[in-house]
Amino acid sequence: MQKNILYIHGFNSSPLSIKAEQTRQYFLKHFPQINFYCPQLASNPTGAINQLEQIIKSSQTDSSWYLIGSSLGGYFASYLSEKYNFPCVLINPAIKPFELLKDYLGEQVNPYTEEVYQVTREHMIELKVIEPKPPSFEMQQKNNYLVMVQTDDEVLNYQQAVEKYQHCRLVVEQGGDHSFVDFEQHLPVIADFFSSTVVNTVKTPNQ
């Protein structure tokens, strides 16, 4: 069975972000047999989800997937985890981005790609439509989530994540910031979490 990791970056971020690169290098060194995916996401939520689902569905039918999502990427990862029943690691995840990103309406420039794009009210609606529910009982029993937050996150209220994922495996660190300080030190924990979970093969579009 082919194993794959799908790393989902956050708002205005990139596969070139520090956490994405640290994750790529760690798994390349220690688990070279695992395929690592981290696409540059579309700047609209529907486009981003379509991209991610296309990657999953284009894999071999006996492939297994592990998800890692940071910030807004955590929101997307949680949606996909609930839909496909995949193990998922959330790093300072956004819980209600359709409220948070209202402060970013208008023109934005991605600092990595220099893409100029618009954040619109329609994007807030798209985000609300895919809002993940708190993990299902099945997901909680399978311990499909590892949620990592730092209390001094200056962008998100970490307590929202703690409340939503209270029955899941939680790592709550005092201090830090939204970037998740010393993230690379937690990569062995993430690898152990993935190795301990029972993974599911990718679903076909008709399932």
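Please determine, by comparing only the residues of region 53-77 that are of a type in the set (S, T, N, Q) and at pLDDT 95 or above, which one is surrounded by the fewest Cβ atoms within 10 Å (Cβ to Cβ). Spell out the reasoning first.
First, pick out the residues of region 53-77 that are of a type in the set (S, T, N, Q): 54, 58-61, 63-64, 70-71.
Cutting the leftovers down to at pLDDT 95 or above gives us 54, 70-71.
Details: Gln54: 10, Ser70: 30, Ser71: 27.
Selected residue: Gln54.
Contact list please: Cβ distance under 7 Å, first residue in region 110-129 and over 24 Å from Ser78 (Cβ atoms), second residue among the polar types (S, T, N, Q), pairs at least six apart or on different chains.
Pro111/Asn12; Thr113/Ser14; Thr113/Gln40; Glu115/Ser43
When region 101-154 is examined, which residues are found to be within 20 Å of the chain's Cα centre (by Cα), modelled with pLDDT of 95 or more and in a helix (DSSP H, G or I)?
Result: Leu101, His123, Met124, Ile125, Glu126, Leu127, Lys128, Val129.
I'm trying to understand the selection: among the residues of region 159-195, which are in contact with a strand residue (DSSP E or B) (Cβ under 8 Å, 6 or more places away or on another chain), free of Cβ contacts under 8 Å to residues at least 24 places away in the same chain and exposed (fewer than 13 other Cβ atoms within 10 Å of the Cβ)?
None - no residue of region 159-195 is in contact with a strand residue (DSSP E or B) (Cβ under 8 Å, 6 or more places away or on another chain), free of Cβ contacts under 8 Å to residues at least 24 places away in the same chain and exposed (fewer than 13 other Cβ atoms within 10 Å of the Cβ), so the list stays empty.
Would a scan of region 13-26 turn up a residue that is over 18 Å from His186 (Cα atoms) and either modelled with pLDDT under 95 or buried (at least 20 other Cβ atoms within 10 Å of the Cβ) (or both)?
There is at least one residue in region 13-26 that is over 18 Å from His186 (Cα atoms) and either modelled with pLDDT under 95 or buried (at least 20 other Cβ atoms within 10 Å of the Cβ) (or both).
Output the residue which, of all residues in region 21-49 that are aliphatic (A, V, I, L, M) and touching a residue at least 24 places away in the same chain (Cβ under 8 Å), is nearest to Gln108 (Cα to Cα).
Within region 21-49, the match that is nearest to Gln108 (Cα to Cα) is Leu41.
The values are calculated or read from the model by the stated rules, or taken from the named source; none is laboratory data. This structure is a prediction, so every number in the text was calculated from the model and none was measured. Backbone-built Cβ (ideal geometry, glycine too); neighbour counts: all protein chains shown.
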